[in-house]
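Derivation of every value follows stated rules applied to the coordinates shown; laboratory data play no part. All values derive from a computational prediction rather than experimental measurement. All Cβ positions, even for glycine, are placed from backbone atoms using ideal geometry, and neighbour counts span all protein chains on display.
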Amino acid sequence: MSAESLTEELTALVTNKGLEVYPFLVGWYNDQVNSDVFKLSYPPDTLAVLLISTPDMFELLFKPYTASKPSWSVDNDPLDYCIKEYLTGLVKKFPAHQVDLIMDYEMDALRRPKLLVQTAGHVAGAAYYYQRECLGEHPWINDNTMYGVSMHPKYGGWFAFRGALIFRTVLAPQLEHRYPIDCVPSHEMRLKLFDEFNHHWREWSYRDVIQGQVEKRYSEEQKIYFATLPCNRHELIASGTPV
Ligand code: B12
């Protein structure tokens, strides 16, 4: 099965769940990460597919999932659990391939992320990753805690990276390399984006900092869910309000 038909099949499977897929090659990713510890240990032409959740995922995937679960074990964030279960099921749809699944929150033994999803998102053309180097002159020169942020041309910051499937058995040297759209092009907007993301992220405002209108935002219900501490999310679901 070619990389294109695999991507098409995946797209068909996930679209009505509020997820989107973006193929990339391991080599594109490894060429960008500037520390060996983050490189992925696969041949450079190996096909990988990044998954993001759009604002619709909450209603299309998560709510039906919580409705079908009578109880929760308390040590997991229900949403992470839901997505992991869904992606594990997705892997099983490709029995002819060896597929590794890496979730966005997975860490190695030294507590380093196994996959830098923002870098993956950039090389896959999903969302432009704005890092300090993109800022030019800025007021946070001595502040090493100003983190970079990815912005999607349709959803702005109203999305999340969920993980990647690595198709170990598929080498795709001809895969078309799509580049991310620079949807925060001006210096002024980039400064605002960094300020909002790093200093006011609880207010959601950074998510709207793109050129043009965002197509869709999280519902009020979804915002309440994410604003609730992970340890209290089970209670929120159990109470039936609002999820
Ligand atoms: C650890 C972590 C945190 C930590 C530290 C943040 C950080 N960025 O280091 C803390 C707890 C502070 C945090 C907070 C938040 N986080 Co956080 N976090 C992560 C996590 C798990 C790992 C990030 C990390 O450690 N990166 C390691 C560093 C070294 O990577 P790096 O800086 O990108 O460096 C690499 C690149 O520069 C690359 N590189 C070098 N040159 C070039 C050139 C190019 C062109 C490219 C593309 C790459 C590249 O090489 C470097 C590595 O060698 C990611 C998920 C993930 N798996 O990636 C989410 C993630 C970054 N967090 C996210 C979010 C939303 C948040 C919060 C808003 C809270 C929340 N969850 O709602 C806050 C906001 C930030 C803040 N100021 O508080 C989102 C960001 C989404 C987006 N639109 O970008 C992510 C991606 C999670 C997700 N699933 O979507 N987070």
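Odds and ends about this structure:
- For trypsin sites (Lys or Arg not before Pro), the sites in region 75-112 that DSSP calls loop and that have at most 10 other Cβ atoms within 10 Å are ARG111.
- Per-residue 3J(HN,Hα) values for region 59-68, derived from phi via the Karplus relation 6.51 cos²θ - 1.76 cosθ + 1.60 with θ = phi - 60°, read 7, 7, 10, 6, 5, x, 5, 5, 5, 8 Hz in sequence order (x marks Gly and Pro).
- Links that overshoot a 26 Å alpha carbon limit, given the list LYS84/LYS114; LYS69/LYS216; LYS17/LYS39; LYS154/LYS223; LYS114/LYS192: LYS69/LYS216; LYS17/LYS39; LYS114/LYS192
- Candidates VAL49, VAL26, VAL214, ranked by Gaussian network fluctuation over the chain, Cα under 10 Å, top entry: VAL214
- When the helices of the chain are scored as -39500 (n - 2.57) per DSSP H run of n ≥ 4 and the total is divided over every residue, the value at 222 nm lands at -8500 deg cm²/dmol.
- At R0 = 35 Å, FRET efficiency that the Cβ-Cβ distance of TRP201 and MET1 yields, to 0.05: 0.30
- Summed side-chain charge close to LEU229 - residues other than LEU229 whose Cβ falls under 13 Å, Lys, Arg +1, Asp, Glu -1: 0
- Gain upon complete extension [ALA12, SER41; 0.36 nm per residue less C-alpha separation]: 7.6 nm
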